[in-house]
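Input: a single structure, listed below in structure tokens.
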Amino acid sequence: MPLIIKDIKNRVATLTLNNAAKKNALSFELCDELIDILKTLKRDKIPVIIIRAEENTKTWSSGHDISQLPKVTHEPLAYDSPMEKLLRSIQEYPGVVISMVQGGVWGGACDLVITCDLTIGDHTSTFAITPVRIGLPYNASGIMHFINRVGLNIAKEMFFTAKPCNAERAFHFGILNHLIAHDKLESFTIDIARTIAENSPLAIAVIKEQFRILSEAHPIRPEAFERIQALRREVYNSHDYGEGIKAFFEKRKPNFKGE
């Protein structure tokens, strides 16, 4: 069974996450499959993509497949990891990528939604970025995704508390472009996708790339970047990270020691 169901109508591709048994966790396999589909859609010049979960789901995606994190011997969110490759594929796709959200969006899936060009959700949608719950030091590029989307103060609150942000707050902060009634969510999202698909794909591709370049125009000294990497290595080689992963599998609250 495919992890992603693809459907193309009127130059709009709908990609449905299809692993309800694992709450659509962003496993290496799911990320790789989605990357391959994006490559195909790029080749076929599909101007708009909608990423969604199955209808009436309670969990849009549970985020990273935690069972795979311990298999990463060093950097859990390395530049060449499937999750990071997927996020860059969305950013670099020469068309508009829309996330249509029902239910909970957790951890790395929240980063995926933030990375999409537009996000449309109903009142069941919630958003939580949760690396601190397992002692995981999130990477600099992911943090910048949130700063660019919701601003510094809200990004700090989301990361530090790891609590879900409900649909109303998400709309207020700019995570959601539109907050739509449950029974109209799909039709509204398709309508806006078709509207975009009627416009010049070349102009949209160039404007999107300008948005990407300008939003990433934050100069940083090499020494500062190296310090960030060193600080993060301290965390993912720490007791707390190991304890966070262990506690997750043992379904208990972790005993963090700050070391």
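Restricting to the range 100-127, and then to whatever is small (Gly, Ala, Ser), outside any helix (DSSP H, G or I) and within 22 Å of PHE28 (Cβ to Cβ), can you tell me which residue is modelled with the lowest pLDDT?
Applying the first criterion (small (Gly, Ala, Ser)) to the range 100-127 yields 103-104, 107-109, 121, 125.
With outside any helix (DSSP H, G or I) added as a condition, the list becomes 103-104, 107, 121, 125.
Subset that is within 22 Å of PHE28 (Cβ to Cβ): 104, 107.
Details: GLY104: 97, GLY107: 94.
Only one residue tops the list, namely GLY107.
In the range 4-19, which residue that is assigned to a strand (DSSP E or B) and either at positive phi or surrounded by fewer than 20 Cβ atoms within 10 Å (Cβ to Cβ) (or both) is farthest from the chain's Cα centre (by Cα)? Steps first, answer last, please.
Restricting attention to the range 4-19, the residues satisfying the condition of being assigned to a strand (DSSP E or B) are 4-9, 12-17.
Retained after the next criterion (residues that are either at positive phi or surrounded by fewer than 20 Cβ atoms within 10 Å (Cβ to Cβ) (or both)): 4-9, 16.
Numbers: ILE4: 16, ILE5: 18, LYS6: 19, ASP7: 21, ILE8: 22, LYS9: 24, THR16: 15 Å.
Result: LYS9.
Find all pairs meeting these conditions: Cβ atoms under 9 angstrom apart; at least six residues apart or on different chains; first residue within the range 7-27 and over 19 Å from GLU198 (Cβ atoms); second residue among the basic types (Lys, Arg).
LEU15/LYS6; LEU15/ARG52; THR16/LYS6; THR16/ARG52; LEU17/ARG52; LYS23/LYS58
Which one of SER62, SER99 is over 19 Å from ASN177 (Cα atoms), in contact (Cβ under 8 Å) with a residue 12 or more places away in the chain and polar (S, T, N, Q)?
Numbers: SER99 fails: over 19 Å from ASN177 (Cα atoms).
Criteria check complete, one pass: SER62.
Please enumerate the residues belonging to the range 158-211 that are at pLDDT below 95 and hydroxyl-bearing (Ser, Thr, Tyr).
Of everything in the range 158-211, just one residue is at pLDDT below 95 and hydroxyl-bearing (Ser, Thr, Tyr), namely SER200.
Right, GLU226: farther than 23 Å from ILE98 by Cα, free of Cβ contacts under 8 Å to residues at least 40 places away in the same chain and surrounded by fewer than 18 Cβ atoms within 10 Å (Cβ to Cβ) or not? Give the derivation first.
Values: farther than 23 Å from ILE98 by Cα: yes; free of Cβ contacts under 8 Å to residues at least 40 places away in the same chain: yes; surrounded by fewer than 18 Cβ atoms within 10 Å (Cβ to Cβ): yes.
For GLU226, the condition - farther than 23 Å from ILE98 by Cα, free of Cβ contacts under 8 Å to residues at least 40 places away in the same chain and surrounded by fewer than 18 Cβ atoms within 10 Å (Cβ to Cβ) - is met.
Answer yes or no as to whether THR119 is within 15 Å of PHE173 (Cα to Cα) and touching a Gly at 6+ places or on another chain (Cβ under 6 Å).
On the way: within 15 Å of PHE173 (Cα to Cα): yes; touching a Gly at 6+ places or on another chain (Cβ under 6 Å): no.
Considered against the rule, which asks whether it is within 15 Å of PHE173 (Cα to Cα) and touching a Gly at 6+ places or on another chain (Cβ under 6 Å), THR119 comes out as no.
Taking the criterion of being under 18 Å from the mean Cα position of the chain (by Cα), on the phi > 0 side of the Ramachandran plot and not polar (S, T, N, Q), would at least one residue in the range 29-52 satisfy it?
no
With (1) assigned to a loop (DSSP other than H, G, I, E, B); (2) in contact (Cβ under 8 Å) with a residue 24 or more places away in the chain; (3) farther than 30 Å from PRO47 by Cα as the list, and GLY258 as the residue in question, which single condition is left unmet?
Every condition holds for GLY258 apart from (2).
I need the full set of residues from the range 20-30 which are part of a helix (DSSP H, G or I) and touching an Asp or Glu at 6+ places or on another chain (Cβ under 9 Å), in order please.
Selection gives ALA20, LYS22, PHE28, GLU29, LEU30.
The values are calculated or read from the model by the stated rules, or taken from the named source; none is laboratory data. None of these values were measured; they are calculated from a predicted model. Methodologically, a virtual Cβ is constructed for each residue, glycine included, from the backbone with ideal geometry; neighbour enumeration extends over all protein chains shown.
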